[in-house]
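The values are calculated or read from the model by the stated rules, or taken from the named source; none is laboratory data. All values derive from a computational prediction rather than experimental measurement. Reconstructed Cβ throughout: ideal geometry from the backbone, glycine too, with neighbour counts over all protein chains shown. Only protein heavy atoms, including side chains, enter the accessible area calculation; ligands, DNA and RNA are left aside. Shrake-Rupley method; radii C 1.70, N 1.55, O 1.52, S 1.80 Å.
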Amino acid sequence: MHQLPSIVIVGRPNVGKSTLFNAITGQRRSIVGDEPGITRDRIYGKAEHRGKSFELVDTGGIIPNDEEMIPSQILKQARVALQEATHIIFLIDGRAEITGTDRDLAKILRKIGKPVALAVNKIDSPKREDLTHEFHSLGFKDMFPVSAEHRLGIGELLDHVTEEIPASEAAKKRGAVQKGKRGGRLLEPEAEEDEHAPEVVRPIKVAIIGRPNVGKSTLLNALTGTERAIVSPIAGTTRDAVDEAVTHNGTEYVFVDTAGIRRKGKTKLMAEKLSVVMARRHLRMSNVAILVLDATEGLLALDATIAGYAHEEGRAVVLCVNKWDAIEDPNKKKFLEAIRDHLKFLEYAAVVYVSAQKRAGTNALFPLIKKAYESASRRVTTGELNRFVETLDWEYDMKIHYITQAGIRPPMFIVFSGKGGNLHFSAERYLMNRLRERFNFEGTPIIVKTKRR
């Protein structure tokens, strides 16, 4: 049996190895979360880059000489993977200082004698990229700034680590290895897409988030038409949720359920903490978030906390008010005012009122999810943006020379001005509102950054 070349991702806990693994393989095999040490064993996946097939290995987060944090057996497992590797990706956190653990791992990797690419993760802006030079002190000449979460820089990294891997026979026959337009988006060469084309064939990944007992599992069952068993975690661990796929009016949706996690004997505080951990984990793997609110309890502080995570992650959001049938005074206008008051930063999110248990109103979620996803994926040409600038009633100090769009999901715009520094809050808000109105960015946050011309 022909063995594929092996590329191994290694790094200390919580630097983003699982996120990078998922970005490269295009599948959710690794559990992704904020707690160190979630990945406890090697996880394998098959990937292809520019017609070159390889096996990708996600090792457990390694802390050398720390028996409490990581059993020696897991370090042993990682060493086996490293010895078999064709190339090693040493992943470190670009937002944090180099730690003693990073240096210890660098020493181990240099002794192994395998080719190592140093990937500095969480570099999602040119400003951060300027700070990467300090990581050269780890002693690796091949260094790549990447953002696993935003799929930035991954193409360049893969070009390097797959350089010695021969293209597959099938790829040679198709005359592949085409130059990719977007780093990290792994497509079959003949399926490579125009970066300005709408991505209609990909399923929309939807995370159902919210605090405990608001009806997330019931909503999932209503949306997918299935009755799903509650997930029971092993004591002391958090299990990854199972995805549920459903096609509605020709569009495929994949729902990631963050519900059904309960720990017997634990306090309410633990349940709340767990709901936040699970929400953050699944938000990273989703395109759109459904934030479920409980109509019978009104809005609580934890609702705003979880909503804040969705906003910070740049996810499109739909607000779903559940148990609407169970309140005595079903006044939508009054409830909407409360939502807009408590969740001011989600003013762009559509609101729908449902009874998941009775499966009433839940079908209204599908078009709202699709609309939010399309808004988050929308691209506007620089020409259109320049014409838009001319229509602005701009009365602020900082003159706008022109605007260009730098990214999608969420839409990110760079404002080129005569001055450095950020726009004043009121100017930024005005610009966001006008962009939203003019180009129909419903249901998605917008990011505006300024650059001196």
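What fraction of the DSSP beta bridges in the range 351-453 is antiparallel, stated in percent and rounded to the nearest 5?
55 percent
Give me, ordered by chain and number, the residues 5 or more places off LEU152 or on other chains with an amide H under 5 Å from its own placed amide H.
SER147
Set the Förster radius R0 to 35 Å, insert the Cβ-Cβ distance between LYS114 and PHE416 as r into 1/(1 + (r/R0)^6), and round the FRET efficiency to 0.05.
Values: r = 44 Å, r/R0 = 1.26.
So the FRET efficiency works out to roughly 0.20.
In the range 297-313, which residues have a backbone nitrogen under 17 Å from the label point lying 7 Å from GLU337's Cα in the Cα-to-Cβ direction?
Correct set: 298-299.
Quick check on packing: order 144-157, 333-346 by the mean number of other C-beta atoms within 10 Å, highest mean leading. Provide the component values of the computation, followed by the final result.
Numbers: 144-157: 22.4, 333-346: 14.1.
Highest-to-lowest ranking by the protection proxy: 144-157, 333-346.
Figure the gain on full extension for VAL389 and ARG202 (residue separation times 0.36 nm, minus the Cα-Cα span) and round it to one decimal in nm.
Residue separation times 0.36 nm, minus the Cα-Cα distance, leaves 64.0 nm.
Structure shown: which of LYS122/LYS451; LYS399/LYS449; LYS344/LYS449; LYS273/LYS449; LYS52/LYS370 lie over 25 Å apart, alpha-carbon to alpha-carbon?
Long pairs (Cα-Cα over 25 Å): LYS273/LYS449; LYS52/LYS370.
Grab the beta carbon distance between LEU300 and LYS358, set R0 = 30 Å, and tell me the FRET efficiency rounded to 0.05. Mind showing how you got there, number by number?
Values: r = 23 Å, r/R0 = 0.78.
That gives a FRET efficiency of 0.80.
With a 1.4 Å probe and all protein chains kept in place, how much accessible area does ARG284 have, in Å² rounded to the nearest 10?
40 Å²
Between GLU134 and LEU4, what length comes free when the chain is fully extended (0.36 nm per residue of separation minus the Cα-Cα distance, one decimal in nm)?
43.4 nm
How much length, in nm to one decimal, is gained on full extension between PHE425 and TYR44, taken as 0.36 nm per residue of separation minus their Cα-Cα distance?
132.6 nm
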